[in-house]
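Colleague: This is the structure, below, for whatever I ask next.
The values are calculated or read from the model by the stated rules, or taken from the named source; none is laboratory data. These numbers come from a predicted model, not from an experiment. Heads up, the Cβs are rebuilt from the backbone with ideal geometry, glycines too, and the neighbour counts pull from every protein chain shown. Note: accessible area is taken over every heavy atom of the protein model, side chains too, but ligands, DNA and RNA are not part of it. Shrake-Rupley method; radii C 1.70, N 1.55, O 1.52, S 1.80 Å.
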Amino acid sequence: MQGHKELIEDAKRQTGLEDFGPDSFREGLEILVNSLEREARLNAVGERALTERIVLHLKQRLLVEDWYRRHPEIEDEQIIAPLFGVSLPRTGSSALSFLLASDPAIRYLRVWESSQPCPPPSTVTGPDPRRGVAVTSGDALLKGGKRTPSGIDGAMECQDLMALDFKSQIFQAFAQIPRYSDWLLDADHSSTYAYEKRVLKLLQWGAPARPWRLKAPTHMLYLDALTSAFPDARFVMTHRDPADVILSVATVYADIIGKFSDHIDMAYLGALNLRCWSEAMNRAIAFREKGNDHRFFDIHFRAMHKDPLGEVRALYAWLGEEVSQDFARAMADWWESNSSAERMTKPDPAHFGLDPAAVRQRFIPYLERMERWAPFDAAA
């Protein structure tokens, strides 16, 4: 793989642009590339896919800055009271984000614009050529999997926007990069969320303003930085047995990384996710308990499966918003179509060095609070 300086020069050469904006992305880029070179043991497919993805994010950052240079009025856009999904992964949060995306009155991050926010969608005449097109060879390889709900205009996590600052878990889902993962866990994400806000302004520019619905489990780790950029943000948190969560997310990581490396350390993937998500939940608990609990709406995994429209109606009542007939009809149609989708099968937890009882032990503070936040009785 090329070094980080060569990748930067590639992005400049391909765009004809020079200005990346603030230098905050450079530390993460350098650590990422070093970790990929020394630790990831990528195969030829993986080396190509990761190289393309890094250059993609660099090119998009150059293009974002170019659009701001030519249209400084974009900065005047307002991102008002966004709703962020902040949950452990594999808790039904993706299904919830697709349900919320059915509301014609809101704005969400569409899969095709998440990795290519430029050009701003309002500037494209006719069908957008980004729709349905895999932007890298890695995306093409992963397309159509059973990992999460999908669709040509499906709701996407914030990971690609965070990757513009090279502080994103998307990279550790693509490769085994311990040094980068260790650094990422405690990295200051203030610049990451400031840049995400910059891109959201670009995405909504030129179109009627609508409230944003956004989502990424990663946000639990960095809620203080997130609320520095989005001080009026509100949150929805979905809940599930953490033993099921960790096994499921480790299975997803193994499925993705197995496309890009011929050497997968299953025990490492189990330990990585146990460490990451137990720490994320501890930080989320601390954030909620220092005066922010009123900003959260909670939904249990089983309650979502029992009555998805009812849970969304309750969420909207909490937000002080109406569920329109068109929204309710679109949700019902999507839920029916998603119910027949094929799901991934999960292996024995021991495959990843996981013991369900030990996993739950790591999440005792969460399990105690989950009974209050999203009571099991109500979800039974």
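Colleague: Being surrounded by fewer than 21 Cβ atoms within 10 Å (Cβ to Cβ) and in contact (Cβ under 8 Å) with a residue 24 or more places away in the chain is the filter here, so list the residues in the stretch 34-50 that pass it. Working first, answer last.
Modeller: Narrowing the stretch 34-50 to residues surrounded by fewer than 21 Cβ atoms within 10 Å (Cβ to Cβ): 34, 37-39, 41, 43-45, 47-48.
Passing the criteria: Asn34, Glu37, Arg38, Glu39, Arg41, Asn43, Val45, Glu47, Arg48.
Colleague: For the stretch 123-142, does any single residue satisfy the condition of being among the hydroxyl-bearing types (Ser, Thr, Tyr), in a helix (DSSP H, G or I), buried (at least 17 other Cβ atoms within 10 Å of the Cβ) and at pLDDT 95 or above? Give the steps one after another, and end with the answer.
Modeller: Step one: list which residues in the stretch 123-142 are among the hydroxyl-bearing types (Ser, Thr, Tyr), which gives 123, 125, 136-137.
Checking the rest, the ones that are also in a helix (DSSP H, G or I) come to 123, 137.
With the extra rule that they be buried (at least 17 other Cβ atoms within 10 Å of the Cβ), the set shrinks to none.
Looking through the stretch 123-142, none of the residues is among the hydroxyl-bearing types (Ser, Thr, Tyr), in a helix (DSSP H, G or I), buried (at least 17 other Cβ atoms within 10 Å of the Cβ) and at pLDDT 95 or above.
Colleague: Related question: Just the residues that are of a type in the set (S, T, N, Q), at pLDDT below 95 and assigned to a loop (DSSP other than H, G, I, E, B), please, taken from the stretch 85-122.
Modeller: Residues of the stretch 85-122 of a type in the set (S, T, N, Q): 87, 91, 93-94, 97, 102, 114-116, 122.
Subsequent filtering for residues that are at pLDDT below 95 retains 91, 93-94.
Within the stretch 85-122, just Thr91 meets the criteria.
Colleague: Suppose we keep only residues that are β-branched (Val, Ile, Thr) and open to solvent by 10 Å² or more (accessible area, probe 1.4 Å) within the stretch 150-200. Which one would you say is nearest to Arg275 (Cα to Cα)?
Modeller: Just the residues of the stretch 150-200 that are β-branched (Val, Ile, Thr), to begin with: 152, 170, 177, 192, 199.
Adding the requirement that they be open to solvent by 10 Å² or more (accessible area, probe 1.4 Å) leaves 152, 170.
Working: Ile152: 33, Ile170: 17 Å.
It comes out as Ile170.
Colleague: In the stretch 321-350, which residues are more than 19 Å from Ser94 (Cβ to Cβ) and assigned to a loop (DSSP other than H, G, I, E, B)? Outline the logic, then answer.
Modeller: Within the stretch 321-350, the first condition is being more than 19 Å from Ser94 (Cβ to Cβ), and the residues that meet it are 321-326, 328-329, 347-350.
Result: Glu321, Glu322, Val323, Ser324, Pro347, Asp348.
Colleague: Tell me whether the stretch 26-46 contains one or more residues that are among the polar types (S, T, N, Q) and closer than 18 Å to Asp139 by Cα. Reasoning before the result, please.
Modeller: So the first thing to find is which residues in the stretch 26-46 are among the polar types (S, T, N, Q), and the list is 34-35, 43.
Then drop every residue that is not closer than 18 Å to Asp139 by Cα, which leaves 43.
Looking for residues that are among the polar types (S, T, N, Q) and closer than 18 Å to Asp139 by Cα, one finds at least one in the stretch 26-46, hence yes.
Colleague: Another question, if that's okay. Can you tell me which residue within the stretch 275-298, out of those that are of a type in the set (Lys, Arg) and in contact with a Phe, Trp or Tyr (Cβ under 7 Å, 6 or more places away or on another chain), is surrounded by the fewest Cβ atoms within 10 Å (Cβ to Cβ)? Talk me through it step by step, then tell me what you get.
Modeller: Kept after step one, since they are of a type in the set (Lys, Arg), are these residues of the stretch 275-298: 275, 283, 288, 290, 295.
Those still in the list that are in contact with a Phe, Trp or Tyr (Cβ under 7 Å, 6 or more places away or on another chain) too: 288, 295.
Numbers: Arg288: 18, Arg295: 16.
So, considering only residues that are of a type in the set (Lys, Arg) and in contact with a Phe, Trp or Tyr (Cβ under 7 Å, 6 or more places away or on another chain), the one surrounded by the fewest Cβ atoms within 10 Å (Cβ to Cβ) is Arg295.
Colleague: Let me ask something else. Can you tell me which of (1) out of contact with any helix residue (DSSP H, G or I) (no Cβ under 7 Å at 6 or more places or on another chain); (2) in a loop (DSSP other than H, G, I, E, B); (3) modelled with pLDDT of 95 or more is the one Phe166 doesn't meet?
Modeller: Looking at each condition in turn, Phe166 falls short on (1).
Colleague: Something else about it: Out of (1) open to solvent by 10 Å² or more (accessible area, probe 1.4 Å); (2) within 24 Å of Arg372 (Cβ to Cβ); (3) not acidic (Asp, Glu), what's the single condition that is false for Leu272?
Modeller: Tallying (1) open to solvent by 10 Å² or more (accessible area, probe 1.4 Å); (2) within 24 Å of Arg372 (Cβ to Cβ); (3) not acidic (Asp, Glu), Leu272 fails exactly one: (2).
Colleague: Another one. Considering only residues that are in contact (Cβ under 8 Å) with a residue 24 or more places away in the chain, closer than 16 Å to Phe84 by Cβ and either touching a strand residue (DSSP E or B) at 6+ places or on another chain (Cβ under 6 Å) or not in a helix (DSSP H, G or I) (or both), which ones fall in the stretch 290-320?
Modeller: If the condition is that a residue be in contact (Cβ under 8 Å) with a residue 24 or more places away in the chain, closer than 16 Å to Phe84 by Cβ and either touching a strand residue (DSSP E or B) at 6+ places or on another chain (Cβ under 6 Å) or not in a helix (DSSP H, G or I) (or both), then Arg295, Phe296, Phe297, Asp298, Ile299, Leu315 are the ones that fit.
Colleague: Right, something else. Does the stretch 215-237 contain at least one residue that is within 15 Å of Gly85 (Cα to Cα), in contact with a Pro (Cβ under 6 Å, 6 or more places away or on another chain) and part of a helix (DSSP H, G or I)?
Modeller: Yes.
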